[in-house]
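The values are calculated or read from the model by the stated rules, or taken from the named source; none is laboratory data. Keep in mind it's a predicted model, so treat the numbers as computed, not measured. As a convention, Cβ positions derive from the backbone with ideal geometry for all residues, glycine included, and neighbour counts pool all protein chains shown. Each accessible area value is taken on the protein alone, full model and side chains, heavy atoms only, with ligands, DNA and RNA left out. Shrake-Rupley method; radii C 1.70, N 1.55, O 1.52, S 1.80 Å.
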Amino acid sequence: MKKLKIFFILSLSVILSCTNDEGEIDYANLGANIVLNTSSLSNLDENHTMELSIITADDVTVTGMTVTQGATTVDAIITGDIATFNSSLLGTLIGNEEDGIDFNVVATLSNGKPYSKDFNVKIIKALSLEKGLDAIIYNTAVADTLIFGASTKSAIIDNISLEWKKGKEGIYAPTTPLGSALNVDGDEIIFTNFTNASYGYNLKVKDTLYYRFIAISGTLTDSLETYMPIISQTFETSNKVVLSSDLTKNKLNLDTATFYTDLNTDAAEIKFKSPTGFEKEGATAIDFVKVGDLSGESDYYNTVDKLYSEKDLLVAKRLYDAGTKVTEVSATAKGDLYIYKITRDVDVIEYGMIKIGDVLTTNGGTTLTEISIEFGEAQVK
């Protein structure tokens, strides 16, 4: 067993370690201390060799050791300065991930002094999410990747299966999104171009995909559930401005939300059009579609206000593709919604929405018309 000379300060610090955390037990006076080396187990490790280090003074030896959990006591096997016992003593590990499992060690010391110490072994799930997904973006070529891991101390994971369901109230069913068995050490699932026709899930925007991973080790099972809302592509920010007939600020760049004078022919993309509208500026590659009756759309998009609130670019693109394109709008009214498509730098295509707010015309010697608009845009990827 490991011998320490108590008159050395370092040796004392080792034997005294954890004194304040262990109910002020004077391990230096006892001449011995025991340290738990196996401080954590996966919840599948019900047959793992637990290890404790034995630290003693020169004139002290540990001649025996028992380990007790609940009503069960076993003898630890002492080899040199290491004592071991099997984790089966701890009983069922699954379900103890929150608090861990307490056990007690009693050592028989050669100096006849009583030694007893309590320990707690942390229990962690064999399955874990190394990279979760807050959501899956519908019909995008940009990859959304879910990564799970699997790890034990010594238990062998025989296989990991995966189940899915639609929404919280759905019923789980088997799925193989990779087309083959999942790696028992962990794997990644990449979602690209996710639509209601892909992956066999028939899920659309506003649905939620639930996954449940199941790891099998002999007769033991660990599971891990995660869920991912299906969301659409949107524009994250919007701008509120006033488009005016005032020739000092009647032109607007939609990309930068910057106003220009009527004399500017380079930077603006749209401009005010009499009496209460707007039109494309110069050679800007832009056109507009007015949104009409949305009563046939889903509950999420069946009004102009709902559609703009959701900022769903995929619905906007569909409405644009099906609509009548114009490059100028002479008259607008509060509540109107227009979808536009604009091409910048030859191949950068963005879709956006322009929502009309208050339209105000005043006469103070010169007629001035102001149109409050809110707009935003993004690429469909």
Quick test for you: out of THR361, THR324, THR343, THR369, pick the one residue that is over 23 Å from SER245 (Cβ atoms) and assigned to a strand (DSSP E or B).
THR343
Subset of segment 339-359 [surrounded by fewer than 18 Cβ atoms within 10 Å (Cβ to Cβ) and modelled with pLDDT of 95 or more]:
THR343, ILE349, GLY357, ASP358
Quick check on my filter: what residues within segment 234-245 are open to solvent by less than 50 Å² (accessible area, probe 1.4 Å) and more than 31 Å from the chain's Cα centre (by Cα)?
VAL241, LEU243, SER244, SER245
Report the residue count in segment 93-112 for those that are open to solvent by 70 Å² or more (accessible area, probe 1.4 Å) and either part of a loop (DSSP other than H, G, I, E, B) or closer than 16 Å to LEU41 by Cβ (or both).
3
Of those in segment 113-124 that are in a strand (DSSP E or B) and in contact with a Gly (Cβ under 8 Å, 6 or more places away or on another chain), the residue most open to solvent (accessible area, probe 1.4 Å) is LYS122
Just give me the residues in segment 265-290 being under 14 Å from PHE375 (Cα atoms) and assigned to a loop (DSSP other than H, G, I, E, B), in sequence order.
GLU269
Can you find a residue that is touching an Asp or Glu at 6+ places or on another chain (Cβ under 7 Å), among the charged types (D, E, K, R) and either open to solvent by less than 50 Å² (accessible area, probe 1.4 Å) or more than 20 Å from LEU337 (Cβ to Cβ) (or both) anywhere in segment 287-304?
no
Counting only residues that are open to solvent by less than 70 Å² (accessible area, probe 1.4 Å) and under 29 Å from LEU36 (Cα atoms), how many does segment 125-146 have?
4
